[in-house]
1. Which numbered condition in (1) at pLDDT below 95; (2) under 24 Å from the mean Cα position of the chain (by Cα) is the only one that GLY240 fails?
2. Name the helices (runs of 4 or more DSSP H) wholly within region 60-152 that hold at least 3 residues that are out of contact with any strand residue (DSSP E or B) (no Cβ under 7 Å at 6 or more places or on another chain) and farther than 29 Å from ALA279 by Cβ?
3. Can you tell me which of ILE322, ILE309 is crowded, with 20+ Cβ neighbours inside 10 Å and among the β-branched types (Val, Ile, Thr)?
4. Pick out the one residue from ALA230, ALA258 that is touching a Gly at 6+ places or on another chain (Cβ under 7 Å), assigned to a loop (DSSP other than H, G, I, E, B) and open to solvent by 70 Å² or more (accessible area, probe 1.4 Å).
5. Of (1) surrounded by 13 or more Cβ atoms within 10 Å (Cβ to Cβ); (2) in contact (Cβ under 8 Å) with a residue 12 or more places away in the chain, ALA301 satisfies all except one. Which?
6. Would you be able to say whether some residue in region 206-225 is surrounded by fewer than 21 Cβ atoms within 10 Å (Cβ to Cβ) and assigned to a loop (DSSP other than H, G, I, E, B)?
7. Of everything in region 233-246 that's aliphatic (A, V, I, L, M) and in contact with a Phe, Trp or Tyr (Cβ under 7 Å, 6 or more places away or on another chain), which residue is most open to solvent (accessible area, probe 1.4 Å)?
Amino acid sequence: PEDTVTSSFASFIHGARPDHLSKTVRHRSKRMILDSIGVGLVGSTTHVFDIALRYCRLYSPVAVSSVYGKPGVKLSPTLAAFTNGVATHSMDFDDTWHPATHPSGAVLPALLAASQMLPPGTKPTGMDFLLAFNVGLEVQGRLMHFSTEAHNIPKRFHPPSVVGTMGSAAATAKLLSLSRAQCCHALGIAASLAGAPMANAATQAKPLHIGNATRLGFEAALLAARGMEANPFILDDIPGCSGFSAFYGVYHPKPLPAPGDHHEFLLEKQDIAFKRFPAHLGMHWVVDAALSVRNLFVHYAGSFSPALIRTIVLKIPVSKYINRPFPSSEHQARHSFQFNACAALLDGEVGLGSFTESSIHRQELRELLDKVVVEHPEDNVANFDKMYGEVALLLHSGDVLTGKCDTFYGHWRKPLTKESLLKKFRSNASHVLPEEKIETIITTVDNLENLSDSSQL
């Protein structure tokens, strides 16, 4: 059908051209690519990544595509995408968009693996790569705008496991130059491979959501390329027969405008949030608020002295899976308002070391957690575009010190500078790569449009 929502998406994927990408879109997406690679590299040092890699090496006799942080190790393309996707989200350090999802990790590993999979003479250029990446972002963003449910912090399913799978299918279909009909079927197949429950947040299984999204979307495109068909109305709202609407109680799909002079990519309108430390995005509000009130406390008392504090009041939105009073593992700690606020108060920062076993179980940190009281003001909604974090210290003297954050540094309203982004990348990549290779990656991504063979990345 020519006039359906699904067909409009297929036409967009098939018809998008490099000249449709504005300077702003290219710039922002290259920042995303660089950050995602860095996050994947440091993620390759984690236990959950090691589990995923050991598993994949059992079933990967074909060595084609590279693995983050493991020189000389290659896997079959789809398993490499899976493993690198797990690495990207293993610390919850990857970028976040609004409505809420992690867009880069669901797309980039598939494109890196696919670039290496294609034979010599058919390798996509860097511009082809950049276009496919942005097609994958655009599809994710448009799908999230089909439901008001997507605007709030999720409760039922982890968004990248759904829209990320669709975005990976779209991006890979573009990179592989699938026909319009094949692009349509790739989306339909991907919808049957999507979805993961929020109950697995704050566990070792959560990084699998990104790994599966990028791998399964990749597989959907490969299956479509080989002739597999799916429902051509998968994105449309068909009464009595759910397609993509199965994931949302409220679903109002709209056609995706054809790429051209009058189409504006969503990345043009809204930037991406980059995390300064490896934890759930919501933590960044309470950490900045905690650091603010800590500075007031040090000025007040001369140093940070927990003994002077009677109660710590956190004013946060209602979100059950990130309201964790006493986390007992690194993954729970990354999803705990209470832990991140107290770690920031105690140490004056939150970083990679904050989530080690020894750091989590410190007695002085546990004593601070005992003092935390949580409040949920009605105006503090569970929405990454509207929420705020507030930390108040009620002292034994009767004095009250308060810190509040409406927009943390790194949010799309307050983007990281180039210097801050490069500092984060260099720090992350230095865990597994020498300095000269780190600088080569920075230069390669910065000049991605001029790369003749994207597999070099």
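1. Result: GLY240 fails condition (2) only.
2. Numbers: elements: 77-89, 108-117, 126-144.
Passing ranges, in order: 126-144.
3. Numbers: ILE309 fails: crowded, with 20+ Cβ neighbours inside 10 Å.
None of the others qualify; the one that does is ILE322.
4. Details: ALA230 fails: open to solvent by 70 Å² or more (accessible area, probe 1.4 Å).
The unique qualifying residue is ALA258.
5. (2)
6. no
7. Quick first cut of region 233-246, residues aliphatic (A, V, I, L, M) only: 234-235, 238, 246.
So of that shortlist, the ones also in contact with a Phe, Trp or Tyr (Cβ under 7 Å, 6 or more places away or on another chain) come out as 234-235.
On the way: ILE234: 21, LEU235: 1 Å².
Result: ILE234.
Condition check ((1) aliphatic (A, V, I, L, M); (2) open to solvent by 10 Å² or more (accessible area, probe 1.4 Å)) across all residues:
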{"site": "LEU21", "(1), (2)": "yes, no"}
{"site": "ARG26", "(1), (2)": "no, yes"}
{"site": "MET32", "(1), (2)": "yes, no"}
{"site": "SER36", "(1), (2)": "no, no"}
{"site": "HIS47", "(1), (2)": "no, yes"}
{"site": "ILE51", "(1), (2)": "yes, yes"}
{"site": "CYS56", "(1), (2)": "no, no"}
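The values are calculated or read from the model by the stated rules, or taken from the named source; none is laboratory data. None of the values given here were measured: they were computed from a predicted structure. Positions of Cβ are backbone-derived with ideal geometry, glycine not excepted, and every protein chain shown enters the neighbour counts. Side chains included, ligands, DNA and RNA excluded: accessible areas come from the protein's heavy atoms. Shrake-Rupley method; radii C 1.70, N 1.55, O 1.52, S 1.80 Å.
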